[in-house]
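Take a look at the structure below.
The values are calculated or read from the model by the stated rules, or taken from the named source; none is laboratory data. Small disclaimer: the values here were computed from a predicted structure and weren't measured. A quick note on method: Cβ atoms are made from the backbone with ideal geometry, for glycine too, and the neighbour counts reach across all protein chains shown. Heavy atoms of the whole protein, side chains included, go into the accessibility calculation; ligands, DNA and RNA do not. Shrake-Rupley method; radii C 1.70, N 1.55, O 1.52, S 1.80 Å.
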Amino acid sequence: MIRHAAPLIAVLLLTGCMMGPDYKPPALPAGAAGPLATPSPGTSSEAPADAWWRLYDDPVLDELVARAFAANTDLRVANANLRRARGFLAESRTARLPATTISGSATQSQQVILLPTGATAFSTDFYRLGLDASYEIDLYGRVGRSVQAARADADAVLAERDATMVSVAAETTRAYADACSLSAQLAVARQSLAIQRESFRISEARVDAGRDSPLDLARARAQLASTEASLPDLEAGRQAALNRLAVLTGQPPAAVDARAAACTAPPRLAQPIPVGDGAALLARRPDIRAANRRYAGALARIGVAKADFLPRITLGGSISGQGVNPGDVFSSRGFGWSVGPQISWGFPNIIGNAARVRQARAGSDAALAAHDGVVLNALKETETALSDHAAMLARNAALRRARDESAEAARIVRLRGQVGRESFLSLLDAERTLATAEAALAASDAAVVTAQIALFKALGGGWQAIPPAPTE
């Protein structure tokens, strides 16, 4: 029998090939890999740093990000998903190995036979121990394409884990920067409040002495109340940032980091932000890598579906020992074996196979469209972040000039007021203008850091900062 089947197997082996389209990197949109927008002030064309938060040169921030990488719950979920995907890959690879089954049985049966002397019961014992093995000859790449799809899925989940790391690093840095920035804004508000309280005290004395009208006192009181009203919002925002930071690092909200709570100034960069170019951006961003791998897996599944049109050949064999006594299982008297090929072909179900191929092709089209969308969104996020960063820097510089001019104007009014050449109303107005300028500048300092973090996140770095997840 094996001699007669050998020619058929040889023909099928010679005609075998991998079914379905081979993976080719998707074409990028025109100009996607070119230079980014003209570098704005505060940026450079150098390659972005992997651990970008270290550019702030803040040891507290470095430790907080390391703690988030070690304990963040979203990252723990991503790592568990990665282990599961690698488990699926390991399972798919087992299809390339022979499948083996060991079976054993011990049965006792009784039959009643009618004899001339009457009905007689006979009991029989029977023992069997066997090993069955089968191996699918992957003529048309069904198994190979399945492994390719599983490998692409695992790579996509790894990239998604890396994207989670980028998000965790950015959100941890943002929470820390928000806490520090709001502390700075609180300090500015409290300083303005102290000045206004002193002005109010002076205004009360001048009204009592008949030098100013009660209208000036009412205006001073209103300005004082307005500044006091800003403190609770700033305090609540600062506490919310500290709570957010605790959760990001895997702690309950009550476990506020004392060093973050003591921070009084937002982190500052001592160098321009390195942004690189479009080609490096597309290679670095984890979401693009994930979309690319999803597309590769979808292509491989077309090959799996198309391979179902063709017959499967399985080589099978078994050995067994059996008999009415336990010793017969291991003796030559009960030994038996079988070996030979098996061909199965679901040809009559060609309509179902065609439907599965159409499903797989539609899945690959959707994966390709998703990949193109991710690429375009990455470029949009980066260009928008660059534009926002440039705008925040320009606004911050203008507000700093306004604050300096307001401080100089307030100083002059105070000097002129001491010699009676300016009214107390002018002094109140100058102090109000200075307080507004100080608050606007402090808020702008916070906005600059937020824009920097958004730009770093859009550039997609940060996942390279820790060793890759171990292979199980």
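Things worth noting here:
- Residues considered: 179, 170, 154, 187. Of these, the only one that is within 23 Å of residue 93 (Cα to Cα) and not hydroxyl-bearing (Ser, Thr, Tyr) is 154.
- Single residue of 183, 226 found to be assigned to a helix (DSSP H, G or I) and either within 27 Å of the chain's Cα centre (by Cα) or crowded, with 18+ Cβ neighbours inside 10 Å (or both): 183
Residue-by-condition table, conditions (1) under 30 Å from residue 447 (Cβ atoms); (2) open to solvent by 40 Å² or more (accessible area, probe 1.4 Å):
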position: 138; (1), (2): no, yes
position: 169; (1), (2): yes, no
position: 190; (1), (2): yes, yes
position: 197; (1), (2): yes, yes
position: 201; (1), (2): no, yes
position: 209; (1), (2): no, yes
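- Residue within the range 284-304 that is free of Cβ contacts under 8 Å to residues at least 12 places away in the same chain, open to solvent by 10 Å² or more (accessible area, probe 1.4 Å) and either of a type in the set (A, V, I, L, M) or within 30 Å of residue 346 (Cβ to Cβ) (or both) present: no
- When residues in the range 239-283 are screened for being of a type in the set (S, T, N, Q) and open to solvent by less than 60 Å² (accessible area, probe 1.4 Å), 2 of them pass.
- Where a residue in the range 236-260 is over 17 Å from residue 182 (Cα atoms) and its partner, wherever it lies, is crowded, with 17+ Cβ neighbours inside 10 Å and acidic (Asp, Glu), with Cβ under 8 Å and at least six apart: 248/171; 249/257
- Of all residues in the range 21-47, those being modelled with pLDDT of 80 or more and either on the phi > 0 side of the Ramachandran plot or β-branched (Val, Ile, Thr) (or both) number 2.
- Cross-chain or 6+ apart pairs with Cβ under 9 Å, the range 129-152 first and of a type in the set (Asp, Glu), then open to solvent by less than 40 Å² (accessible area, probe 1.4 Å) and assigned to a helix (DSSP H, G or I): 136/143; 138/144; 138/307
- Checking the range 332-339 against the condition returns a match, with at least one residue being at pLDDT below 85, in contact with an Asp or Glu (Cβ under 7 Å, 6 or more places away or on another chain) and farther than 20 Å from residue 138 by Cα.
- Only listed residue being more than 18 Å from residue 438 (Cα to Cα), open to solvent by 40 Å² or more (accessible area, probe 1.4 Å) and either of a type in the set (A, V, I, L, M, F, W, C) or touching a residue at least 24 places away in the same chain (Cβ under 8 Å) (or both), chosen from 379, 415, 386, 393: 415
- Restricting attention to the range 349-376, the residues that are of a type in the set (A, V, I, L, M, F, W, C), within 12 Å of residue 294 (Cα to Cα) and open to solvent by less than 30 Å² (accessible area, probe 1.4 Å) total 1.
- Qualifying positions in the range 229-238 - open to solvent by less than 40 Å² (accessible area, probe 1.4 Å) and of a type in the set (A, V, I, L, M, F, W, C): 231, 234
- Any hit, the range 317-335, residues being assigned to a helix (DSSP H, G or I), at negative phi and in contact with a helix residue (DSSP H, G or I) (Cβ under 8 Å, 6 or more places away or on another chain): yes
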